[in-house]
Amino acid sequence: MRPVRVIVVDDEALARERITALVRATPRLTLVGEAVNGLEALDLIESLAPELVLIDVDMPELGGFGVVAARGETTKPGFVFITAYDEYAIQAFEVDALDYLLKPVSEERFAVTVERALARLGSNPQAPLRVARAMTTREGHRTRFVVRRGSTHTFVAAKDVAWIDVEDNYLQLHAGGRAHLVRGTMKDAEQELDPAMFVRVHRSAMVNVNFIVGIDAQPAGYAIRLSDGTKLRTSRQYAARVRELLQPFRR
């Protein structure tokens, strides 16, 4: 049986070296890559297709749960979360992680984790990981999205998104003259984004009020004009919400 392909993700060099040493000392595992942050981890997952990711929970910019959220309901890889704080244990299992390791990681505990992970991967390798909420929020509201550009990943700030619509099973973010696809639903966006900034105007569209330059009354609602030249029509269902929040923009 071939070794399981593993990447290790941790922003702390000593902690990362400790985990990579344990991986290299385990015959049934093979180390294929290392990352120092969540964006690098997403890039390596795309390019190296590991079967197992050993990842730190608490990292600057994008932590372990944020990586899971950015991946969405995908089937691979399996995740083992590593952290110095046991407060994340429950959340790790809520997203169906293979296991949870508390720093400093001992050889004995690592061996137990390997057994658990291999057993889970072997018994149900296609089981999807439940989506976690990205740790990119402030005061309960999402402040940014992780988007893919080719084979790399980057952030798009929520405040820079002019409007959002639906593209198949994805949300399409319109920001800076470009469109970015991210996993999620309009319901997710409505729940996660700041309602003082984003207003849903249609079953399949949401706008950032900071980009509105005008609102024109229509027989069945309103036509909203944005600073990038986009024109969106509201539906009857959302017309009252638009009237309530966007009174200063009416003409």
- prompt: Among the candidates E40, E46, E34, which residue alone is charged (D, E, K, R), over 18 Å from V112 (Cα atoms) and in a strand (DSSP E or B)?
  reply: E34
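Using the structure shown, decide if I19 is among the aliphatic types (A, V, I, L, M), in contact with a Gly (Cβ under 8 Å, 6 or more places away or on another chain) and within 21 Å of A84 (Cβ to Cβ).
No, not satisfied.
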task: Restrict the check to the stretch 83-102 and report whether at least one residue is surrounded by fewer than 14 Cβ atoms within 10 Å (Cβ to Cβ), assigned to a loop (DSSP other than H, G, I, E, B), out of contact with any helix residue (DSSP H, G or I) (no Cβ under 7 Å at 6 or more places or on another chain) and at pLDDT 85 or above.
output: no
- line: Residues of the stretch 23-41 being farther than 10 Å from V6 by Cα, surrounded by fewer than 23 Cβ atoms within 10 Å (Cβ to Cβ) and aliphatic (A, V, I, L, M), in sequence order, are A25, V36, L39
query: Quick one: is E17 of a type outside the set (S, T, Y), part of a helix (DSSP H, G or I) and within 25 Å of T154 (Cβ to Cβ)?
result: no
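Scan F198, F211 and give me the residue that is surrounded by 18 or more Cβ atoms within 10 Å (Cβ to Cβ), out of contact with any Leu (no Cβ under 9 Å at 6 or more places or on another chain) and modelled with pLDDT of 80 or more. Working first, answer last.
Details: F211 fails: out of contact with any Leu (no Cβ under 9 Å at 6 or more places or on another chain).
On inspection, the qualifying residue turns out to be F198.
Could you tell me how many of the residues in the stretch 157-171 are under 14 Å from the mean Cα position of the chain (by Cα) and surrounded by fewer than 18 Cβ atoms within 10 Å (Cβ to Cβ)?
Kept after step one, since they are under 14 Å from the mean Cα position of the chain (by Cα), are these residues of the stretch 157-171: 157-158, 170-171.
Remaining after also requiring surrounded by fewer than 18 Cβ atoms within 10 Å (Cβ to Cβ): 157, 170.
Qualifying residue count, the stretch 157-171: 2.
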field: Hits in the stretch 1-14 (condition: assigned to a loop (DSSP other than H, G, I, E, B) and surrounded by 17 or more Cβ atoms within 10 Å (Cβ to Cβ))
entry: D10, D11
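The values are calculated or read from the model by the stated rules, or taken from the named source; none is laboratory data. Note that the structure is predicted; figures quoted are calculated from it, not measured. For neighbour counting, all protein chains shown are included, and Cβ atoms are generated from backbone atoms with ideal geometry for every residue, glycine included.
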